[in-house]
1. Using Cβ counts within 10 Å as a stand-in for footprinting exposure, how do C8, C95 rank, fewest first?
2. Reachable lysines from K214, Cα under 20 Å, same-chain residues fewer than 8 places away excluded?
3. Give, in nm to one decimal, the length gained when the segment between Y34 and W78 is fully stretched (0.36 nm per residue of separation minus the Cα-Cα distance).
4. Can you sort D60, D5 so the residue with the fewest Cβ neighbours within 10 Å comes first?
5. How big is the convex hull of the Cα atoms of the stretch 1-71, per residue, in Å³?
6. Any chance you could list P(r) for the chain, counting all Cα-Cα pairs in 5 angstrom bins from zero, rounded to whole %?
7. Over the chain, what is the percentage of antiparallel beta bridges among all DSSP beta bridges, to the nearest 5?
8. L129's amide H: which non-local residues (gap 5+, or another chain) put their own amide H closer than 5 Å, with H modeled 1.01 Å from N in plane and none for Pro or chain starts?
Amino acid sequence: VLCIDLFCGLGGWAEGFLSEGWDVIGFDIERHDYGTGGYPGQLVLQDATTLHGSQFRNADVIVASPPCQAYSYRAMPWKRAKALPPPDNTLFEACFRIQAEACTALSQTGGASEWQRERMLQGFMPIPLVVENVRGAEKWVGEAAWHFGPYYLWGDVPALMPRSRNDAKVPNQDWNKYRKEGTISPHWRLQHTTGPQWFDHGIACLPSNSARRKAASAQIAKIPFPLAQHIARVFKPG
Ligand SMILES: C[S@@+](CC[C@H](N)C(=O)[O-])C[C@H]1O[C@@H](n2cnc3c(N)ncnc32)[C@H](O)[C@@H]1O
């Protein structure tokens, strides 16, 4: 069973899928390795926008984590961020184009499996796609189907999904307290300064383009193992 991992980074998706016995081929323009090990699947160094989905007609699932910086930045409560022109959604949209091309090629070859034919009868794409990005992307690409902490998901998100521990409600919070104090609520902090958001801003204290900053960025953007493993289990044929 084959998983295609677009914008694969350090391989958070790949780790979950490999643990469930999948083969994983990842695409990225960079070979990320910061001394803790590189991409764990088969890495292809290629710009994802140059891919034609027909080559993935044999894939069983596509996962994708296009870069989030443009969305994260525009979600920051600063005038300078709000004044920016709309972001370029090309990389986000490329994921759906590639899925559509893969599914079209699959139907043309008539090679759909029983599981895939069943999916089509139910109105789903035979090759599912899950795209991960940040909450700030919702304004530009539409509402996410689910989120696991700060990791927001679009596309063919399964009906049953895990929750992140970060998403547990904090009972009896006096939110006004934070307003009065002029401080930031823990909830805001969770949504905006952990995960991919912190990725861009919390580490701004490190010199830009430094190796440490790159390593920290890649680590923070990495898909959490429980999320990747869940998707790998749900979409494993048979
Ligand atoms: C949000 S990170 C991916 C994180 C990954 N899911 C993980 O678990 O580690 C986005 C990745 O997209 C890559 N990237 C940026 N532009 C790209 C392009 N045009 N084609 C392929 N990869 C690209 C970056 O090098 C980066 O590794």
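We did not get these values from a lab; they are worked out from the coordinates using the rules stated. Being a predicted model, the structure only gives us computed values, none of them experimental. As a convention, Cβ positions derive from the backbone with ideal geometry for all residues, glycine included, and neighbour counts pool all protein chains shown.
1. So the ranking, lowest neighbour count to highest, is C95, C8.
2. In chain and number order, the partners are K222.
3. 12.7 nm
4. D60, D5
5. Expressed per residue, the convex hull around the Cα atoms of the stretch 1-71 is 95 Å³.
6. Histogram of Cα-Cα distances, whole percents per bin: 1, 6, 13, 17, 19, 17, 11, 7, 5, 3, 1, 0, 0.
7. Beta bridges within the chain, antiparallel portion: roughly 30 percent.
8. HN-HN under 5 Å from L129: I62, D156.
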